[in-house]
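Shown next, in structure tokens, is the structure this report addresses.
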Amino acid sequence: MPDSPLSRLSERLPTLMLKASPEDLEFYGRDWTRRWEPAPLAIALPTTTQEVQAIVRWAVEEGICIVPSGGRTGLSGGAVAANGELVVSFERMNAVLDFDPVDRIMTVQPGLALEALQRAASDHDLIYPVDFAARGSCSIGGNIATNAGGIRVIRYGNTREWIAGLKVVTGTGELLDLNRGLVKNSSGYDLRHLLIGSEGTLGLVVEASVRLADPPPAANVMVLAVPAMDALMKVFESCRKKLNLNAFEFFTDRALAHVVGQGAQDPFEQASPFYLVAEFDAETEVQQALAGEVFEECFEQGWVNDGVISQSSAQAASLWRLREGITESLAPLRPYKNDISVRTSLIPAFMQAMHEIFEREYPDCEVVWFGHIGDGNLHINVIRSVGTSDEQFVADCERVTALLSDTLSRFGGSISAEHGIGLVKKKYLAGTRSEAEIALMRGIRKVLDPHGIMNPGKVFDTA
Ligand code: 2HG
Ligand code: ZN
């Protein structure tokens, strides 16, 4: 091999697996956004922390940038490598390293799939409670990079709440061992939390210690058909008063049409504009009866038209499919995605404001709303009208997203609730974070990544 940065990397780490076939560059260079042409230099697949450190030191010497890579299920372009970067895939660092039953902490490598972590927890009769539809393909490292949320945040919080310790390689190749599984630690700045949600811009997670929890009581799932937007949060309030909720989600008739088009079962005879999914504790007969009471109250008030409560775990799964199958059912249409949040109490006014903007600005596009409404987190997927080019479609959506961003600023919301900023939402960061905050973030990035090699161009530009 002629003398080149890659040959020097191989010389330094003879056992490091490197891939550089056109198929590999294509496969590892993109995430689910499918918007950028992948063009990485190569893919490194380390198996040890020492290898990761050596890769970073090599990258500093060679002036080559690094894009960390987990399951690449991200929706914001955070794992895109389109500029000759070295992709560092954690695919081969996917082991469970340790479990301590007293601490109830499992130590894992970053490439472990979320579902594999959930399974490993259940081997000890415990759960890792963060959960969402991409569980089979996304990795815990990626979840940490975006502080992933998902469907049970209302009960268990985001990824952040479950990370008891992190080992991280910084942009100089230094290894940090952060918090070490401590429950209490009041010894200065908690750098662990700085790393969580940093989208690979401050360091590479090489090990995570995650807290596990007791399994929840048996649960039921109720899907409610809702006739009007302003009833959604009234139903939420009513559910919250009586039920112990694991999840409170919503979708529209348009979303339902797409999942049903993919084979899901529509449980209702009559169509409604909105649907809510509530998962709640139903261990006892008393708890189960409470769901009926909630339904009756909401029905009498005219907030719901119809409802169905799961009678078996198979039915619960098929009801969940109505909500969890939405992203996959829309994927072939390559929608433009928004993932926003406001305080939950502001949802009705915010939805109304956005609805008016979308009606006006997207006259020819289908706009599909769904998401974690109980957390104040809405997903808005916009589908192009037939014949619109990629460029035109993105330009139109970006113009409307600027209006969305202004509205979010007025409501004190966020342009990214759980998917991250990556490349897709970079333009709008200043609508959610103040100039002073962004200046501080820039300074922090410079300290942890002084050579500017860690996932450059993501979240915000450094130059
Ligand atoms: C979900 O909640 C995911 O299903 C994906 O966060 C959302 O596809 C989306 O916009
Ligand atoms: Zn989501």
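The values are calculated or read from the model by the stated rules, or taken from the named source; none is laboratory data. Computed from a prediction, not measured in an experiment: that's the story for all the values here. All Cβ positions, even for glycine, are placed from backbone atoms using ideal geometry, and neighbour counts span all protein chains on display. The protein model used for the area step is the full one, side chains on, heavy atoms only, and it has no ligands, DNA or RNA in it. Shrake-Rupley method; radii C 1.70, N 1.55, O 1.52, S 1.80 Å.
Miscellaneous remarks
- Answer residue from segment 177-194, given it is hydrophobic (A, V, I, L, M, F, W, C) and either closer than 25 Å to residue 64 by Cβ or not in a loop (DSSP other than H, G, I, E, B) (or both) and is least open to solvent (accessible area, probe 1.4 Å) among those: 178
- Leading residue by the ranking (nearest to the chain's Cα centre (by Cα)) among those in segment 362-374 that are in a strand (DSSP E or B) and away from ligand 2 (no atom under 16 Å from the Cβ): 367
- Verdict on residue 39 being modelled with pLDDT of 95 or more, surrounded by fewer than 16 Cβ atoms within 10 Å (Cβ to Cβ) and not in a helix (DSSP H, G or I): yes
- For residue 197, the criteria (1) within 30 Å of residue 250 (Cβ to Cβ); (2) open to solvent by less than 40 Å² (accessible area, probe 1.4 Å); (3) more than 16 Å from ligand 2 (Cβ to nearest atom) hold in every case but one, which is (3).
- Segments classed as helices (runs of 4 or more DSSP H), wholly inside segment 259-361, with at least 3 members that are open to solvent by 20 Å² or more (accessible area, probe 1.4 Å) and either of a type in the set (A, V, I, L, M) or away from ligand 1 (no atom under 16 Å from the Cβ) (or both): 285-301, 313-324, 347-361
- Any hit, segment 195-218, residues being assigned to a helix (DSSP H, G or I) and at pLDDT 95 or above: yes
- If you check 377, 381 for being of a type in the set (S, T, N, Q), closer than 16 Å to residue 408 by Cα and within 15 Å of ligand 2 (Cβ to nearest atom), only one passes: 377.
- Criterion violated by residue 354 - all others in (1) free of Cβ contacts under 8 Å to residues at least 12 places away in the same chain; (2) within 23 Å of the chain's Cα centre (by Cα) satisfied: (1)
- When 321, 334, 384, 343 are screened for being among the charged types (D, E, K, R), within 25 Å of the chain's Cα centre (by Cα) and closer than 22 Å to residue 273 by Cβ, only 321 passes.
- When residues in segment 449-463 are screened for being among the small types (Gly, Ala, Ser) and open to solvent by less than 50 Å² (accessible area, probe 1.4 Å), 2 of them pass.
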